[in-house]
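*Asks:* Here it is, the structure in full.
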Number of protein chains: 4
Amino acid sequence: MAGLVAELRERVYRANRELAESGLVVGTFGNVSEVDRAAGVFVIKPSGVRYEEQTPAHMVPVSLETGKVVDSSLRPSSDTPTHLELYRAFRCGGIVHTHSEVATAFAQARLPVRCMGTTHADHFRGDVPVTRPLTREEVEGEYERNTGLVVVERFESGGISPEEIPAVLVANHGPFTWGKNAHDAVEQASTLEYLARMEATVRAIAPDAPRPDPALVDRHFWRKHGATAYYGQNKK
Amino acid sequence: MAGLVAELRERVYRANRELAESGLVVGTFGNVSEVDRAAGVFVIKPSGVRYEEQTPAHMVPVSLETGKVVDSSLRPSSDTPTHLELYRAFRCGGIVHTHSEVATAFAQARLPVRCMGTTHADHFRGDVPVTRPLTREEVEGEYERNTGLVVVERFESGGISPEEIPAVLVANHGPFTWGKNAHDAVEQASTLEYLARMEATVRAIAPDAPRPDPALVDRHFWRKHGATAYYGQNKK
Amino acid sequence: MAGLVAELRERVYRANRELAESGLVVGTFGNVSEVDRAAGVFVIKPSGVRYEEQTPAHMVPVSLETGKVVDSSLRPSSDTPTHLELYRAFRCGGIVHTHSEVATAFAQARLPVRCMGTTHADHFRGDVPVTRPLTREEVEGEYERNTGLVVVERFESGGISPEEIPAVLVANHGPFTWGKNAHDAVEQASTLEYLARMEATVRAIAPDAPRPDPALVDRHFWRKHGATAYYGQNKK
Amino acid sequence: MAGLVAELRERVYRANRELAESGLVVGTFGNVSEVDRAAGVFVIKPSGVRYEEQTPAHMVPVSLETGKVVDSSLRPSSDTPTHLELYRAFRCGGIVHTHSEVATAFAQARLPVRCMGTTHADHFRGDVPVTRPLTREEVEGEYERNTGLVVVERFESGGISPEEIPAVLVANHGPFTWGKNAHDAVEQASTLEYLARMEATVRAIAPDAPRPDPALVDRHFWRKHGATAYYGQNKK
């Protein structure tokens, strides 16, 4: 298992660097994790260590079962309990949290990033939803865990598939995205920011713009995802 | 003909790199093609291959007559049937499709990029139009081909000259531009994005701004284009 | 005089490079000139030559008296007659024309860049005005010359000092700025774009924001300009 | 004391470079200072010297008691009296003034940068306030000193803690930020600009967006600041 975790640390370290270089985070903000479900651990970046000082050894393994740190004297990202709840509820391999500028503005405005066209539909099969605000009790209690639970609640109550829409905006907080692995989740975070920028322009220039036909959304989503995909070279 | 196609592959490869470096595309999105009408083929980038992995040999020749791949085992861009219809209907040498941020937002808002001044008129003799949305039947049928047909319909029904306005926004999708060759079409895509950014600001700060006199538009368009041009060094 | 003009060509060449590197122009757009009033000539960039191909020898001298090219076989910028009228009416040493993104959007919206704070007042003692649109006759006649005349008219009819406000927006066209020399005019163009960006945000977030006290505008303008300036090291 | 001041000059020089590289200032605008309260001096950048020409020796020491220059023949930043009043009233180690684009637009709009989410609350425990405009008498009198006094008045009359909200917008002028030292104040200036950009988007897309629960603001502020902080590695 030590070898597995070493590899996971390396992968999470590299994905954190990708995130730092993407311009989606400021200062020590933002965090990336990746899970090894067979080993029962996920690895996440440490709390408050600047990206330029991080090495793979700084990455902190956390038990999926207990939520406790395994084999590290560092404190993991303060958002670790959020990642834990998402790994428990969603079938995903990597998770990213950012404060990227425009997606966070949507979270602050409590507005979804609507699916208004094919660029969005190529990645997400519908609106990227926004959670309800946490109650005062949830904020003052196990805040970071409750953040994860309110995300899960949003997907379950809304009948939203976390595989088809691997992204969410936590109200007055910011975006979380997930994917097959840490690298994939970073790409989703980057795409979400791009879509949010376009959607901010749409809202500014045409507040009443009509929605695209759901058939168009499905056409684009399924030409890139799933068994019927016909985009790219490997799915012929 | 092999030599001609090799040169065309090289030119399309270079134009795809220009596009990648322009910031107008994200990930593997966007595609460039160029036609050799005498040889009856156009060359287009392959589907889903990252820009940094592409070489000239990856570029895929397609027959203008049959729409089938010629001399390549790679799958061409999924938007190939759109390019095909545009080459058949319009007298142009190169075509570019992007998801550039602000032009795509206009497509999502179903608003034209209006000609509000001389920067626009230097390039396009009037508004860059937006197509009608595709019907559900068009989406669920030969979607990519229908995308090309709806562009052609927009120009024909609107009496718009594709030489004077070599750009269009496909509703809820994004921009296509064309030009003398692939390189020229990339420049048009870049110009369109710039004009869309300006137009978004105009709409935000002055929704009721009056249009420029059509005489001003013509003055600028014709001082750069056609027999009466007096801009540049070669047309004295 | 040959030596003088050679030096002027070198200076205009360098200012054109500064402009190209500033991000204020796209393609071959934009032009810079500088005048030598004693020699009776100004030097301006050639029409339609890409910035990366220009050398000092490409810069075109033009007579202040006749408006004709002196000692060059190249065609000067098509906006040369505009520069000529501005040099004749205004006491300035260099002129710049750009299509910089946000200042041009204000020109297209026919809105001034208002003086809303001290950043603006440090450079311009009041709003940067917008001209009236040219009449159809003016457009179809000596268009570029009339562009210069309509700028001069705006300053004279408005009682605006071209030394205190060395910038203008030509309606549905774009900005012209001027200064002590070509380099200085490029800096003004860059400052104007920055101020236009701020003003676009002000209009978006607070359309009814009150104006600053004119005393504040004067305090900032005069602490940097004129006999009472107390900013910088050379005016103690 | 000479050694202390030399070190302070070096630190202020470096923080000025950080500011110049941050993109928050244009031309010679903006200034950074740091205080040594035991020595009774603060060091500030000189007036009107371009960032690329500055060396540590250019930095100007000023007496906290008299406000006069100590041991330098250069004129300090024209905003020095503002820094002096802030050092006298607030318990801080470094001060920064910028004309950063969007924060300055808020100052020009006379709007606070509201605390709309956790990114803001991680840094500032509430809205970044805007001062009242200076009266004509204040502008025409000791203008720069009065700028400092109106900031102090805003915090005192509003019951705002300068430790919990180390930033302000001076009406129709721009932002000032402060921190433990000069470097820290530069980071606050950078954060404020980022928050202002997000807030401009929120105002554009959702003018009536509800405020976050104050409990959420406090949760985030106190998990990073003060005795109960649990973010980072040093506060376990």
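The values are calculated or read from the model by the stated rules, or taken from the named source; none is laboratory data. Computed from a predicted model, the values in this text were never measured in an experiment. Backbone-built Cβ (ideal geometry, glycine too); neighbour counts: all protein chains shown. What goes into the accessible areas is simple: the full protein's heavy atoms, side chains included, and nothing from ligands, DNA or RNA. Shrake-Rupley method; radii C 1.70, N 1.55, O 1.52, S 1.80 Å.
*Asks:* Among the residues of the range C:4-13, are any within 14 Å of another protein chain (Cβ to nearest Cβ) and farther than 30 Å from residue B:208 by Cα?
*Replies:* No: zero hits.
*Asks:* Looking at residue C:62, is it of a type in the set (A, V, I, L, M, F, W, C), modelled with pLDDT of 95 or more and touching a Pro at 6+ places or on another chain (Cβ under 9 Å)?
*Replies:* yes
*Asks:* Moving on. Condition check: at pLDDT 95 or above, in contact with a helix residue (DSSP H, G or I) (Cβ under 8 Å, 6 or more places away or on another chain) and more than 11 Å from chain A (Cβ to nearest Cβ). Does residue B:133 satisfy that?
*Replies:* no
*Asks:* Which one of C:182, C:171 is over 29 Å from residue C:56 (Cβ atoms) and open to solvent by less than 30 Å² (accessible area, probe 1.4 Å)?
*Replies:* Exactly one of C:182, C:171 is over 29 Å from residue C:56 (Cβ atoms) and open to solvent by less than 30 Å² (accessible area, probe 1.4 Å), namely C:171.
*Asks:* Which residues, taken from the range D:76-96, are more than 20 Å from residue D:141 (Cβ to Cβ) and either within 14 Å of another protein chain (Cβ to nearest Cβ) or without any contact (Cβ under 8 Å) to a residue 24 or more places away in the chain (or both)?
*Replies:* None; the set is empty.
*Asks:* In the list A:220, A:173, which residue meets the criterion of being at pLDDT below 95 and either under 30 Å from residue B:141 (Cα atoms) or of a type outside the set (A, V, I, L, M, F, W, C) (or both)?
*Replies:* A:220
*Asks:* For residue C:91, state whether it is open to solvent by 10 Å² or more (accessible area, probe 1.4 Å) and farther than 18 Å from residue C:40 by Cα.
*Replies:* Judged against the criteria, residue C:91 is not a match.
*Asks:* So if I check each of B:118, B:98, which one is polar (S, T, N, Q), within 16 Å of residue B:190 (Cα to Cα) and in contact with a Leu (Cβ under 8 Å, 6 or more places away or on another chain)?
*Replies:* B:98
*Asks:* For residues in the range A:211-222 being assigned to a loop (DSSP other than H, G, I, E, B) and surrounded by 16 or more Cβ atoms within 10 Å (Cβ to Cβ), which is farthest from the other protein chains (Cβ to nearest Cβ)?
*Replies:* A:213
*Asks:* Being buried (at least 22 other Cβ atoms within 10 Å of the Cβ), within 11 Å of chain A (Cβ to nearest Cβ) and either touching a Phe, Trp or Tyr at 6+ places or on another chain (Cβ under 8 Å) or charged (D, E, K, R) (or both) is the requirement here; does residue B:60 meet it?
*Replies:* For residue B:60, the condition - buried (at least 22 other Cβ atoms within 10 Å of the Cβ), within 11 Å of chain A (Cβ to nearest Cβ) and either touching a Phe, Trp or Tyr at 6+ places or on another chain (Cβ under 8 Å) or charged (D, E, K, R) (or both) - is not met.
*Asks:* Related question: May I ask you to list the residues in the range C:143-168 that are in contact with a strand residue (DSSP E or B) (Cβ under 9 Å, 6 or more places away or on another chain) and assigned to a helix (DSSP H, G or I)?
*Replies:* C:147, C:148, C:150, C:151, C:154, C:155
*Asks:* Would you confirm whether or not the range B:146-154 contains a residue that is within 11 Å of another protein chain (Cβ to nearest Cβ) and among the basic types (Lys, Arg)?
*Replies:* Looking for residues that are within 11 Å of another protein chain (Cβ to nearest Cβ) and among the basic types (Lys, Arg), one finds none in the range B:146-154, hence no.
*Asks:* Let me ask something else. Among the candidates C:93, C:40, C:48, single out the residue that is on the phi > 0 side of the Ramachandran plot, modelled with pLDDT of 95 or more and not acidic (Asp, Glu).
*Replies:* The conditions single out C:40.
*Asks:* Right, here's the next one. Residue by residue through the range B:136-154, note down the ones that are surrounded by fewer than 22 Cβ atoms within 10 Å (Cβ to Cβ), touching a residue at least 24 places away in the same chain (Cβ under 8 Å) and either among the aliphatic types (A, V, I, L, M) or touching a helix residue (DSSP H, G or I) at 6+ places or on another chain (Cβ under 8 Å) (or both).
*Replies:* Of everything in the range B:136-154, those that are surrounded by fewer than 22 Cβ atoms within 10 Å (Cβ to Cβ), touching a residue at least 24 places away in the same chain (Cβ under 8 Å) and either among the aliphatic types (A, V, I, L, M) or touching a helix residue (DSSP H, G or I) at 6+ places or on another chain (Cβ under 8 Å) (or both) turn out to be B:142, B:144, B:145, B:149, B:152.
*Asks:* Taking the range D:172-200 only, how many residues are outside any helix (DSSP H, G or I) and more than 8 Å from the chain's Cα centre (by Cα)?
*Replies:* Residues that pass the stated criteria total 5.
*Asks:* Identify the single condition in (1) farther than 26 Å from residue C:34 by Cα; (2) surrounded by fewer than 18 Cβ atoms within 10 Å (Cβ to Cβ); (3) modelled with pLDDT under 95; (4) more than 8 Å from every other protein chain (Cβ to nearest Cβ) that residue C:225 does not satisfy, given that it satisfies every other one.
*Replies:* Going through the list (1) farther than 26 Å from residue C:34 by Cα; (2) surrounded by fewer than 18 Cβ atoms within 10 Å (Cβ to Cβ); (3) modelled with pLDDT under 95; (4) more than 8 Å from every other protein chain (Cβ to nearest Cβ), residue C:225 breaks only (1).
*Asks:* Just one of (1) within 11 Å of another protein chain (Cβ to nearest Cβ); (2) open to solvent by less than 10 Å² (accessible area, probe 1.4 Å) trips up residue B:176, so point out which.
*Replies:* (1)
*Asks:* Here is a further query. Go through (1) farther than 25 Å from residue C:16 by Cα; (2) within 14 Å of chain D (Cβ to nearest Cβ); (3) buried (at least 22 other Cβ atoms within 10 Å of the Cβ) for residue C:189 and report which single condition fails.
*Replies:* Of the numbered conditions (1) farther than 25 Å from residue C:16 by Cα; (2) within 14 Å of chain D (Cβ to nearest Cβ); (3) buried (at least 22 other Cβ atoms within 10 Å of the Cβ), the odd one out for residue C:189 is (1).
*Asks:* In the range D:99-123, what residues are part of a loop (DSSP other than H, G, I, E, B) and touching a strand residue (DSSP E or B) at 6+ places or on another chain (Cβ under 6 Å)?
*Replies:* If the condition is that a residue be part of a loop (DSSP other than H, G, I, E, B) and touching a strand residue (DSSP E or B) at 6+ places or on another chain (Cβ under 6 Å), then D:99, D:110, D:112 are the ones that fit.
*Asks:* A further question follows. If residue D:67 passes every condition in (1) more than 25 Å from residue C:197 (Cβ to Cβ); (2) assigned to a helix (DSSP H, G or I) but one, which one does it miss?
*Replies:* So the condition that residue D:67 fails would be (2).
*Asks:* On to the next question. Quickly run through the range B:1-14 and pick out the residues that are open to solvent by 20 Å² or more (accessible area, probe 1.4 Å) and farther than 23 Å from residue B:100 by Cα.
*Replies:* Correct list: B:1, B:2, B:3, B:4, B:6, B:7, B:9, B:10.
*Asks:* Return only the number of the condition from (1) over 12 Å from residue B:186 (Cβ atoms); (2) outside any helix (DSSP H, G or I) that residue B:7 does not satisfy.
*Replies:* Only one criterion in (1) over 12 Å from residue B:186 (Cβ atoms); (2) outside any helix (DSSP H, G or I) is unmet by residue B:7, namely (2).
*Asks:* Return the residue satisfying two criteria in turn: it lies in the range B:192-210 and is buried (at least 18 other Cβ atoms within 10 Å of the Cβ) and of a type outside the set (A, V, I, L, M), and of such residues it is farthest from the other protein chains (Cβ to nearest Cβ).
*Replies:* This residue is B:193.
*Asks:* Also, quick follow-up: Of all residues in the range C:184-236, count the ones that are in contact with a strand residue (DSSP E or B) (Cβ under 7 Å, 6 or more places away or on another chain) and under 15 Å from residue C:113 (Cα atoms).
*Replies:* 6
*Asks:* Another question, then. Hey, could you check the range D:72-88 for residues that are out of contact with any strand residue (DSSP E or B) (no Cβ under 8 Å at 6 or more places or on another chain) and not polar (S, T, N, Q) and say which is surrounded by the fewest Cβ atoms within 10 Å (Cβ to Cβ)?
*Replies:* Looking at residues that are out of contact with any strand residue (DSSP E or B) (no Cβ under 8 Å at 6 or more places or on another chain) and not polar (S, T, N, Q), I get D:88.
*Asks:* Now for a separate question. Looking only at the range C:15-53, how many residues end up being closer than 23 Å to residue C:195 by Cβ, open to solvent by less than 30 Å² (accessible area, probe 1.4 Å) and not in a helix (DSSP H, G or I)?
*Replies:* 7
*Asks:* Same structure, new question: Which ones in the range A:107-130 are under 15 Å from the mean Cα position of the chain (by Cα), open to solvent by less than 10 Å² (accessible area, probe 1.4 Å) and farther than 28 Å from residue A:11 by Cβ?
*Replies:* A:129
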